[in-house]
Amino acid sequence: MNLPVAGYGGGSTKKAGGHTNKLACKSKRYVVFMSNISVRFKDVLSRGEKLFIPYIMAGDPDIALTEKVIYRLEESGADIIELGIPFSDPMADGPTIQAASERALKNDVTLSDVLALLARVRTKSSIPIILMGYYNPIFFYGAERFAVDAKRAGADGLIVVDLPPDEVDELKPFTDKEGIDIIFLAAPTSTDERLKLIASKSSGFVYYVSVTGVTGARSTLAAAIQHKSELIKSYMEIPVGIGFGISTPAHVTELCRSFDAVIVGSAIVRFLEDISSEDKLLDDVGNFVKELKSATKVN
Amino acid sequence: MEEMKARLSDMPDERGHFNEFGGKYVAETLMPALIELEAAYTHYKNDKEFNDELDYYLKEYVGRETPLFFARRLTDYLGGAKIYLKREDLNHTGAHKVNNTIGQVLLAKKMGKKRVIAETGAGQHGVATATAAAMFGIECEVFMGTEDIRRQALNVFRMKLLASKVTPVESGTNTLKDAMNEALRNWTATVENTFYVIGTVAGPHPYPAMVRDFQSVIGNETKRQIMAIEGRLPDYLVACIGGGSNAMGLFYPFKDDAGVRMIGVEAAGLGLDTGKHSASICAGKVGVLHGNKTYLLQDKNGQIQTTHSISAGLDYPGVGPEHSYFHEMKRAQYVSATDEEALSGFKVLTEEEGIIPALESSHAIAHVMKMAPKLPKDTIIVVNLSGRGDKDIYTVADIMGVTL
């Protein structure tokens with residue numbers, strides 16, 4: 001592990017209230033409060049593993065089942081969970097997640113429903129959860145109100161696909177105040193200047209997009225990824241996860257050589273497309289996640 | 001008024017915002033492309049050679065300038081203000097869209113891009129992009145909702161004849177917004193060699209400003225022409241609004257002329273209270289879609305709503321951010337016309353002036369029919385006749401119960 005962050009060397013734990021411990025790390029001059037996401041990265045990486053982060057869409061196909069899937073993801077080894085907020089116009093998503101969004105919206109799943117689900121999950125689980133979605137539902141809800149309510153519900157991080165660092169100042173002061181990490185995407189097209197900007201605004205980790213394209217499971221990975229990882233990491237003082245297009249344990253193993261976390265979305269969401277029985281679905285998802293998680297332990 | 005003029009002149013700001021509207025709300029993958037485009041556009045818009053070349057194509061290929069025609073019989077019929085028609089319907093390909101596509105495809109060529117993509121609703125922007133691509137010898141793919149493909153079969157065939165690929169989009173409402181989603185997805189995957197030709201004054205910065213600038217030829221000509229004919233500026237400018245490119249093209253050159261009132265006419269579909277319309281400013285709320293913050297039709301949870309208009313070109317849940325800004329600054333007034341009113345505008349212009357207007361432009365005519373009779377005879381109205389109605393003949397025949 002090689003993480004040049006002030007707080008990463010360890011420190012004292014204290015109960016900070018809420019659903020999980022907050023770790024306060026004393027560096028030479030400051031006290032750095034580590035978010036639940038940063039703590040989870042530190043813990044898992046210190047075991048010599050990389051993090052496995054599954055993505056599912058909240059309310060796909062309904063909220064009750066999403067809650068069960070979340071617990072199964074955690075039991076099966078997920079280190080952090082990304083929970084999608086449905087949106088009518090998911091411009092950065094491929095067909096699988098578009099369809100998941102449509103299934104959720106067919107049941108009129110709202111941002112309030114997603115936050116209520118999260119609050120229920122928090123009565124049983126403290127796994128770090130990142131909300132991921134598009135900006136309009138959040139803007140419509142109200143940026144400040146969203147930050148307060150998301151924190152109260154138990155959100156640890158936030159990814160807003162269409163809110164790049166250039167526009168985030170209308171949201172970030174509120175999420176910063178609540179202690180919610182904002183995770184930005186870095187792309188294969190990002191220039192050095194962009195990577196610097198992304199690094200300066202991100203907290204928790206940086207999400208590197210493996211492909212120049214939208215989300216969706218792919219059978220092969222782009223050849224340039226490993227090469228690019230060193231460049232990305234050279235700009236980042238926080239961990240770097242990778243997502244988009246990853247669908248097999250072999251992909252995970254390969255990417256864990258260079259990245260701190262692997263995010264898998266569409267390949268998991270595909271299980272929800274055609275559900276014959278709930279038990280079978282949970283078992284299938286659980287087994288798949290176990291396979292993917294064990295692929296993070298090879299190093 | 002002086003204060004308003006100063007504030008209206010400096011938009012967008014360096015971040016691409018028109019006050020709270022506009023911006024660059026896109027995924028990171030596209031950000032570098034937008035920055036590259038902004039740099040290229042900023043360079044070429046002040047480049048004499050580029051502008052000479054653009055002027056050449058607008059004159060010799062598009063057929064500009066277009067006439068500013070005094071609609072004498074329509075004026076008499078309505079019995080009030082003098083009505084002039086800015087004849088954008090006479091452009092090559094039949095609408096104002098080509099002003100912008102010639103500009104953008106020329107820019108794409110200068111930037112060394114090998115391929116252009118576009119979204120289209122009515123098919124006019126798709127045809128205009130396919131046309132420019134054919135003329136400049138560049139590969140072109142157009143994304144179009146399956147619902148629009150059905151109601152605009154003629155334009156689909158035109159694009160194919162022009163050697164463009166037309167990709168049907170079957171998602172969401174199968175109309176313009178979904179075509180734009182798919183074009184953005186395609187651009188995300190092909191951004192390194194592809195130029196996205198957006199057809200209206202919307203999308204992420206620099207598109208709203210760039211499309212406005214390319215379309216401003218409409219207002220610049222109108223200004224010269226009306227001064228030559230009437231010796232003064234018009235009292236009203238009227239144009240239909242979907243995304244708002246023909247309206248912004250007419251309005252923008254007049255924005256500092258305080259005496260010139262601007263009216264944008266949105267599509268009220270079956271009526272603003274029916275939920276089946278496309279009137280984003282009149283009946284929407286501020287939100288973020290397709291890279292910009294602007295007025296949008298959305299439900300109480302911030303999901304984008306389905307829209308309706310008899311004219312595919314106005315069937316879009318958003319509007320260009322500069323129109324939202326003009327609305328906020330009260331520089332322009334935004335009203336609406338229903339499907340039925342538009343059809344009546346279509347009929348009257350056809351019968352009184354021998355000009356078959358596009359159903360989009362018919363909305364502007366419909367509003368002129370409401371306002372002109374109440375105005376004095378020395379009042380001057382310029383209405384943008386943004387496109388011709390040939391593409392809508394099947395739709396109109398269908399409504400009239402005629403089988404062609």
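What the table shows:
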{"item": "The range B:21-49, residues that are part of a loop (DSSP other than H, G, I, E, B) and either more than 9 Å from every other protein chain (Cβ to nearest Cβ) or modelled with pLDDT under 95 (or both)", "result": "B:Lys45, B:Asn46, B:Asp47"}
{"item": "Candidates B:Glu340, B:Glu360, filtered to the one that is part of a helix (DSSP H, G or I), surrounded by 24 or more Cβ atoms within 10 Å (Cβ to Cβ) and out of contact with any Phe, Trp or Tyr (no Cβ under 7 Å at 6 or more places or on another chain)", "result": "B:Glu360"}
{"item": "Elements of type strands (runs of 3 or more DSSP E) contained in the range A:126-209, each with 1 or more residues being surrounded by fewer than 20 Cβ atoms within 10 Å (Cβ to Cβ) and assigned by TED's automatic domain parsing to the domain that holds A:Ile242", "result": "none"}
{"item": "Every pair of residues 6+ apart whose Cβ atoms lie under 6 Å, when the first sits in the range A:124-144 and is under 30 Å from A:Arg72 (Cα atoms) while the second is among the acidic types (Asp, Glu) and modelled with pLDDT of 95 or more", "result": "A:Ser125/A:Glu74; A:Ile127/A:Glu74; A:Pro128/A:Asp156; A:Ile129/A:Asp156; A:Ile130/A:Glu82; A:Met132/A:Glu82; A:Tyr134/A:Asp162; A:Tyr135/A:Asp162"}
{"item": "For A:Arg122: the one exception among (1) surrounded by fewer than 23 Cβ atoms within 10 Å (Cβ to Cβ); (2) under 18 Å from A:Tyr55 (Cβ atoms)", "result": "(2)"}
{"item": "Filter pass, A:Glu230 being surrounded by fewer than 23 Cβ atoms within 10 Å (Cβ to Cβ) and in a helix (DSSP H, G or I)", "result": "yes"}
{"item": "Number of positions in the range B:343-357 that are surrounded by 24 or more Cβ atoms within 10 Å (Cβ to Cβ) and in a helix (DSSP H, G or I)", "result": "3"}
{"item": "Pairs, first touching a residue at least 60 places away in the same chain (Cβ under 8 Å) and farther than 20 Å from B:Trp187 by Cβ in the range B:37-48, second in a helix (DSSP H, G or I) and acidic (Asp, Glu), C-beta under 8 Å, six or more apart", "result": "B:Lys45/B:Asp213"}
{"item": "In the range A:116-130, residue nearest to the other protein chains (Cβ to nearest Cβ) [restricted to those that are more than 17 Å from the chain's Cα centre (by Cα) and among the charged types (D, E, K, R)]", "result": "A:Arg120"}
{"item": "Residue check for A:Gly133: within 11 Å of chain B (Cβ to nearest Cβ) and among the small types (Gly, Ala, Ser)", "result": "yes"}
{"item": "Filter result (touching a residue at least 60 places away in the same chain (Cβ under 8 Å), closer than 20 Å to A:Phe205 by Cβ and part of a helix (DSSP H, G or I)) within the range A:68-104", "result": "A:Leu73"}
{"item": "The lone exception for B:Ile218 - which of (1) of a type outside the set (Asp, Glu); (2) in contact with a Leu (Cβ under 9 Å, 6 or more places away or on another chain); (3) within 14 Å of chain A (Cβ to nearest Cβ) it fails", "result": "(3)"}
{"item": "Close pairs from the range A:108-120: first assigned by TED's automatic domain parsing to the domain that holds A:Gly84, partner of a type outside the set (A, V, I, L, M) and outside any helix (DSSP H, G or I), Cβ under 6 Å, at least 6 apart", "result": "A:Val109/A:Gly59; A:Val109/A:Pro86; A:Thr110/B:Asn301; A:Leu118/A:Gly154"}
{"item": "Test for A:Asp113: is it more than 8 Å from every other protein chain (Cβ to nearest Cβ) and farther than 15 Å from A:Thr66 by Cβ", "result": "no"}
{"item": "Selection count, the range B:174-185, where residues are among the polar types (S, T, N, Q) and surrounded by 21 or more Cβ atoms within 10 Å (Cβ to Cβ)", "result": "2"}
{"item": "Matching residues in the range B:299-335 - criterion: being crowded, with 24+ Cβ neighbours inside 10 Å, of a type in the set (S, T, N, Q) and at pLDDT 95 or above", "result": "B:Ser324"}
{"item": "Sole exception among (1) surrounded by fewer than 24 Cβ atoms within 10 Å (Cβ to Cβ); (2) away from every other protein chain (no Cβ under 13 Å); (3) of a type in the set (S, T, N, Q) for B:Thr190, by number", "result": "(2)"}
{"item": "Residue under evaluation A:Val262, criteria (1) more than 12 Å from every other protein chain (Cβ to nearest Cβ); (2) part of a helix (DSSP H, G or I); (3) modelled with pLDDT of 90 or more, criterion not met", "result": "(2)"}
{"item": "Yes/no for A:Pro61 being away from every other protein chain (no Cβ under 14 Å) and under 16 Å from A:Gly157 (Cβ atoms)", "result": "no"}
{"item": "In the range B:394-404, residue nearest to B:Asp148 (Cα to Cα) [restricted to those that are aliphatic (A, V, I, L, M), in a helix (DSSP H, G or I) and without any contact (Cβ under 8 Å) to a residue 12 or more places away in the chain]", "result": "B:Ala397"}
{"item": "Pairs with Cβ under 8 Å, 6+ apart, first in the range B:92-105 and assigned to a helix (DSSP H, G or I), second crowded, with 24+ Cβ neighbours inside 10 Å and modelled with pLDDT under 95", "result": "B:Thr93/B:Gln124; B:Gly94/B:Gln124; B:Gly94/B:Lys391; B:Lys97/B:Gln124"}
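The values are calculated or read from the model by the stated rules, or taken from the named source; none is laboratory data. This structure is a prediction, so every number in the text was calculated from the model and none was measured. Cβ: placed from backbone, ideal geometry, glycine included. Neighbour counts: every protein chain shown.
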